[in-house]
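The structure appears right after this line, and notes come after that.
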Amino acid sequence: MIDVYSWPTPNGHKVHIMLEECGLEYRVHPINIGAGDQFGEDFLKISPNNKIPAIVDSDGPDGEPISLFESGAILVYLAGKTGLFLPEDVRGKYEALQWLMFQMGGVGPMLGQAHHFRIYAPEKIDYAINRYTNEARRLYGVIDKRLSQQRWLAGDQYTIADIATFPWLRSWQNQGVELDDYPALKRWFDNIATRPAVQRAVEVLADRRKPLQGDKEREVLFGATQYARR
Ligand SMILES: N[C@@H](CCC(=O)N[C@@H](CS)C(=O)NCC(=O)O)C(=O)O
């Protein structure tokens, strides 16, 4: 059994999608990041960076439980466990890992900042909005170009690179992007959105997520609570 500590955000959805695609049995434990659950002692033991998602697989590689944080590491682990969504041939594997790293190092952090400065920031700072909106659009352009040459990010197979990237692009409006400007990306996006496993996964904890709930939640996520040394 895999215990998933998560919340319905893009990084959480990556893992929900992978678990659904692989048909693995799992149990979800909501970590309400707006209420500060991510700072609880037990959660920090498995996710010292106070971020979802994290998993505990009772049936780890040696038969012993294993706990993991960082969505990219979790995807690689689940691909290894199941033999799914990471090509076995060496070239294909590194192609997929390269696009997974591109998502982890670029797409996630930059689109997150675009969303933050456009929607959450209490003051509208033009420099930051322009910087991250431009970067978001540039990244969509890179993905669009790739997908005009290949069916999937890593080539001809749907892999953990697609699974990691898709949830981040669901909030394109908040990132200042128009999906229709990227036709190959849009075709890929619509294709993934119709997969039954993806449709089940984006419903995981969906009823729990609300728009940012006032000053208390803002303080937990972006204020002194977030930056306290633990
Ligand atoms: N690089 C991490 C990022 C995880 C992350 O940023 N999680 C956010 C939600 S999408 C979170 O838990 N935020 C709570 C906090 O920052 O306190 C991953 O991919 O797992």
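Observations on the structure shown:
- Listed peptides 124-133, 140-149 by packing density, highest first (mean Cβ within 10 Å): 140-149, 124-133
- Unit charges on C-beta of K, R, D, E only; dipole of the chain, Debye: 660
- Nitroxide proxy distance, nm - points 7 Å out along Cα→Cβ at ALA193 and MET1: 3.6
- GNM result for the chain, Cα springs below 10 Å: residue of PRO183, PRO87, PRO167 fluctuating most strongly: PRO183
- GNM flexibility winner over the chain from ASN49, ASN174, ASN191 (Cα, springs under 10 Å): ASN191
- GluC sites (Glu not before Pro) within the range 174-230: DSSP coil, no more than 16 neighbouring Cβ in 10 Å: GLU178, GLU203
- Our summary gives the chain a relative contact order of 25 percent, counting only alpha carbon pairs under 8 angstrom and 6 or more residues apart.
- Selected from GLU20, GLU88, GLU135 as most flexible by GNM, with the chain as the system and alpha-carbon contacts under 10 Å: GLU88
- Mean-position separation - Cα centroids, the range 107-181 and the range 5-70, in angstrom: 24
- The chain - percent of accessible surface contributed by carbon and sulfur, probe 1.4 Å: 50
- Surface exposure of the range 90-193, expressed per residue as accessible area with a 1.4 Å probe, stands at 49 Å².
- Note on the chain: antiparallel DSSP beta bridges, both residues inside, total approximately 65 percent of the bridges counted.
- Three-way shape call for the range 132-217 based on the alpha-carbon gyration tensor, with the a/c threshold at 1.5: oblate
- Diffusion coefficient of the chain by Stokes-Einstein, Kirkwood radius over Cα pairs, 10 °C, 1.306 mPa s: 86 µm²/s.
- Dividing the summed -39500 (n - 2.57) terms of all DSSP H runs of n ≥ 4 by the residue count of the chain sets its mean residue ellipticity at 222 nm at -15000 deg cm²/dmol.
The values are calculated or read from the model by the stated rules, or taken from the named source; none is laboratory data. This structure is a prediction, so every number in the text was calculated from the model and none was measured. We place every Cβ from the backbone using ideal geometry, glycine too, and count neighbours over all the protein chains shown. Heavy atoms of the whole protein, side chains included, go into the accessibility calculation; ligands, DNA and RNA do not. Shrake-Rupley method; radii C 1.70, N 1.55, O 1.52, S 1.80 Å.
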